[in-house]
Amino acid sequence: MIEAKSIGKFFSVVNEKGMAEGLTAVLNVSLTIPDGKIVSLLGPSGCGKSTFLEILGGLQAPTDGTIHIDGKLVLEPLPATRKEQIAYRRRYRFISPLANGVFRDRPKHDIAMIFQDYAVFPWMTAVQNVEFALKLRNAGRGAERLQRAALTEKAHAYLRKAGLGGFANKYPSQLSGGMRQRLALARALSVEPKIILMDEPFAAVDALTREKLQDELLRLWAETAAGGSPITIVLVTHDVHEAVYLSDEIIVFSPSPGTIRNRIPVEIKRPRARTDPALIEIEERVFALFQYDINQEAWYSI
Ligand SMILES: Nc1ncnc2c1ncn2[C@@H]1O[C@H](COP(=O)(O)OP(=O)(O)O)[C@@H](O)[C@H]1O
Ligand SMILES: [Mg+2]
């Protein structure tokens, strides 16, 4: 279970006049996501979705609030310099009874992340990309470590799952946009994470490929569900149809600063039909919420 408690993120920025200025990207977001659900974060560009997702994954620290996954605190990457370490200890002195414990008992989380712009290495072939993720996951696993041959076999198995069986030795530049994104998906799934965070994963492909990738994602999710422990997927999107079609719940963010405007459950059984009237009715409700935001903005700018 993912629990976000009063998450806020404040950036200090320099404006066009060269003056320091504050920008609140995320404001007081509290949210619980149960295991095995597909949840979409939906909102206009610039409302803080990516910032919130990165906070969920521990890629950046919130300025307010905490994230727990299965009861364990999520922390941003360890600070590199001594100065940062001192600031880090100071920051967590109220959360951990022993601030140093934060360093010692650093919790590990089973999370994989997929970004909009095909986060695959261009200098590695498809299978090398997946093997790389598996090698990283292998480090420090002791007796559980996979042998080299088993690792390669697993990489191939996940490529086949993602429909890339025949492309193992191709480089990303030799694959289409949709295939590159499937490769990113294969790599994320290969480490068998409990949670996948996706930031507009299908934004860079054409409409038809996008629908195919959505179905692919649902198929892969259903496979993990059939195995008894479905993975949790948190997906950032600004596409209403995508959010409704994929999700168990849609979290609608307000324009900047991002706060939760609405939570809309989608209680339609899978597999779903894109033309299901119940689905379209929910889409219209979500569009109406956006309309409200747009009108508000128009009103403010008069
Ligand atoms: N590192 C940063 N420094 C300053 N401002 C930032 C930084 N990252 C994001 N922002 C600002 O925070 C707001 C939210 O950004 P983002 O989370 O990327 O929005 P979204 O993903 O919803 O489009 C934007 O106004 C953006 O300019
Ligand atoms: Mg974004």
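The values are calculated or read from the model by the stated rules, or taken from the named source; none is laboratory data. Predicted model only: the values in this text are computed from it and were never measured. No Cβ is skipped: glycine too gets one built from the backbone with ideal geometry, and neighbour counts run over all protein chains shown. The accessibility values were calculated without ligands, DNA or RNA, using every heavy atom of the protein model including side chains. Shrake-Rupley method; radii C 1.70, N 1.55, O 1.52, S 1.80 Å.
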Restricting to DSSP loop positions (anything but H, G, I, E, B) with no more than 13 other Cβ atoms inside 10 Å of their own Cβ, which GluC sites (Glu not before Pro) remain in the range 1-86?
E16
Any aspartates and glutamates whose Cα falls less than 15 Å from that of K194, other than same-chain ones fewer than 8 residues away, would be E3, D35, D70, D110, E223
Heavy-atom accessible area of the range 166-295 with neighbours in place, 1.4 angstrom probe: carbon+sulfur share in percent works out to 54 percent
Computed over the range 186-298, the distribution of all Cα-Cα distances in 5 Å bins, rounded to whole %, is 2, 10, 20, 22, 21, 14, 8, 3, 1, 0
Order these peptides, 268-275, 234-241, by their mean beta-carbon neighbour count within 10 angstrom, highest first.
234-241, 268-275
How high is the relative contact order of the chain, in percent, counting Cα pairs under 8 Å that sit 6 or more residues apart?
24 percent
For the range 196-255, convex hull of alpha carbons as volume per residue, Å³
86 Å³
Antiparallel DSSP bridges in the chain: what percent, to the nearest 5?
55 percent
Keeping every protein chain present and rolling a 1.4 Å probe, give me the accessible area per residue for the chain in Å².
52 Å²
Considering all projection directions equally, how large on average is the shadow of the alpha-carbon convex hull of the chain, in square nanometres?
18.9 nm²
For the range 109-190, restrict the atom set to alpha-carbon positions and state the Rg and Dmax in Å.
12.2, 38
With every protein chain left in place, what is the accessible area of D215 in Å² (1.4 Å probe, nearest 10)?
60 Å²
Using the Kirkwood formula on the Cα atoms of the range 169-215, what hydrodynamic radius do you get, in angstrom to one decimal?
11.5 Å
Candidates S247, S45, S190; GNM for the chain (alpha-carbon contacts under 10 Å) flags as most fluctuating S45
Positive dipole terminus of the range 166-246, leading residue within Q214, H238, Q174 (C-beta point charges)
Q174
